[in-house]
1. Across segment 249-258, what is the total count of residues that are in a helix (DSSP H, G or I), in contact with a Ser or Thr (Cβ under 9 Å, 6 or more places away or on another chain) and open to solvent by less than 30 Å² (accessible area, probe 1.4 Å)?
2. Taking the condition of being open to solvent by 30 Å² or more (accessible area, probe 1.4 Å) and outside any loop (DSSP other than H, G, I, E, B), how many residues in segment 235-244 meet it?
3. Restricting attention to segment 17-45, which residues are among the hydrophobic types (A, V, I, L, M, F, W, C) and open to solvent by 40 Å² or more (accessible area, probe 1.4 Å)?
4. Please identify the pairs in which a residue from segment 65-84 that is free of Cβ contacts under 8 Å to residues at least 60 places away in the same chain and more than 16 Å from Lys141 (Cβ to Cβ) has its Cβ atom under 8 Å from the Cβ atom of a residue that is within 14 Å of the ligand (Cβ to nearest atom) and open to solvent by 10 Å² or more (accessible area, probe 1.4 Å), counting only partners at least 6 apart or on another chain.
5. State whether the residues of segment 266-278 include one that is touching a Gly at 6+ places or on another chain (Cβ under 7 Å) and either modelled with pLDDT of 95 or more or not in a helix (DSSP H, G or I) (or both).
6. Got at least one residue in segment 381-391 being in contact with an Asp or Glu (Cβ under 9 Å, 6 or more places away or on another chain), assigned to a loop (DSSP other than H, G, I, E, B), in contact (Cβ under 8 Å) with a residue 60 or more places away in the chain and under 25 Å from Glu271 (Cα atoms)?
7. Between Arg409, Arg382, which is more than 30 Å from Ile123 (Cα to Cα), at pLDDT below 95 and open to solvent by 50 Å² or more (accessible area, probe 1.4 Å)?
8. Looking at Arg28, Arg32, which is the one that is in a loop (DSSP other than H, G, I, E, B) and of a type in the set (Lys, Arg)?
Amino acid sequence: MASTASLKHGMEYLAIPGPSVMPDAVLRAMHRAAPNIYQGEIVTLTESVVADLRKVARCPDGHVAIYIGNGHAAWEAALANTLAPGELALVPATGRFGHGWADMAQGLGIETQILDFGKQSPIDLDRIAATLRADTGHQIKAVLATHVDTSTSIRNDIAALRAVMDDLGHPALLMADCIASLACDRFEMQDWGVDVMVAGSQKGLMVPPGLGLVFFSDKAAEKRRTMPRVSRYWDWVPRSAPQEFYQYFNGTAPTHHLYGMRVALDMLLEEGMEQVWARHDILAQAIWAACDGWSRGGALKMNVADPVNRSRAVTSLSLPTPQASELRSWLEAQMGLTLGIGLGMAEPGDPARDGFFRLGHMGHVNGHMIMGLLGGVDAGLRALGIPTGQGALEGAADVMAAHAPALMRRETPAAR
Ligand SMILES: *Cc1c(COP(=O)(O)O)cnc(C)c1O
């Protein structure tokens, strides 16, 4: 056996938290000539995409604005329509992305009050309540919450956050970053009383990066009307209620992304959102079972202790530095498997950064892919001589075996 042999030649697997694995059907739909962008199919296709995005976000009465951009564009779009320079936003941060959204707000001249809950704990609702209670003059105009912070893999309870705001009768808008979580972790925009939600195409929605999505309620639309000025490009009014087709995108439509999104939405709605969430839940539990097994060796650690507070889209982990970076390098070179870097856990240049990594499990992933991912990691840990406990892969297989019949039982026409 040649020591220079590599096992990477085969289908590559990018298991980072976005871009996620994309279905071949999505890619095939995008592989086509550009359509007429003034009339015909693209117009009805866009209308259907908007209608079905509402179903995925569970906001039947909400409004949707689509931007050619990434998640950062969606962040800026949401802020530009709702908060004027000098207005105050409360930002509960549970990782890098919470701070990122606050930074985006500061760049627009919005004042921010950041409550930092660290890198391992969810939002502490008592601290939110105390802050909102102290805001007797209602200076806080919006709460910018991150549903899943992709750096830490913490998942926050957005419905409970809404309940705190309602109990106190605080009129601030509730805004949620669901860029990582949409179509992975359960999210019910309307039932949970979320006023503004942002998402991107390249994570749970299984389409290449390039579309930033903003969903908003009537209350948020009302706040938009009081804004002294919103730039033409970011203004969500024409985009969400266009008189002419070009207004959807304030210019040329993202033609191919729309074709890809059409197929991705068909796939999600065909599976059914409850099933999509159940699939990600079971796959995540299998991943955690494997991580529990590896952890018993003493080296590997999961970032979020309580499963209740863990994302079903991404899992953040650590190893004694620099073994996380070594594991990632080994897997990429030897297995054709790329894991996520440890974003936001330590600053760039800090050697501690090489002790963090992440598994992305959003989008078009199923049981055998996750077993392959875990098997690859298991091989990598062995190759690097990192101590692990017994039974990691068996634990993952047990989770899938235990849950699969339940999924099949629920697969009835009535459940759709
Ligand atoms: C990926 C992500 C972003 C940033 O999205 P980009 O497309 O990289 O701009 C913001 N917030 C969360 C929670 C994310 O997962």
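The values are calculated or read from the model by the stated rules, or taken from the named source; none is laboratory data. Keep in mind it's a predicted model, so treat the numbers as computed, not measured. Quick reminder, even Gly has a Cβ in these numbers, built from the backbone with ideal geometry, and neighbours come from all protein chains shown. To get the accessible areas, we keep the full protein, side chains included, count just its heavy atoms, and leave off ligands, DNA and RNA. Shrake-Rupley method; radii C 1.70, N 1.55, O 1.52, S 1.80 Å.
1. Within segment 249-258, residues that are in a helix (DSSP H, G or I), in contact with a Ser or Thr (Cβ under 9 Å, 6 or more places away or on another chain) and open to solvent by less than 30 Å² (accessible area, probe 1.4 Å) number 1.
2. Number satisfying all stated conditions: 3.
3. Matches in segment 17-45: Met22, Leu27, Ala33, Ala34, Ile37.
4. Note: no pairs meet the criteria.
5. No: zero hits.
6. no
7. Only one candidate qualifies: Arg409.
8. Exactly one of Arg28, Arg32 is in a loop (DSSP other than H, G, I, E, B) and of a type in the set (Lys, Arg), namely Arg32.
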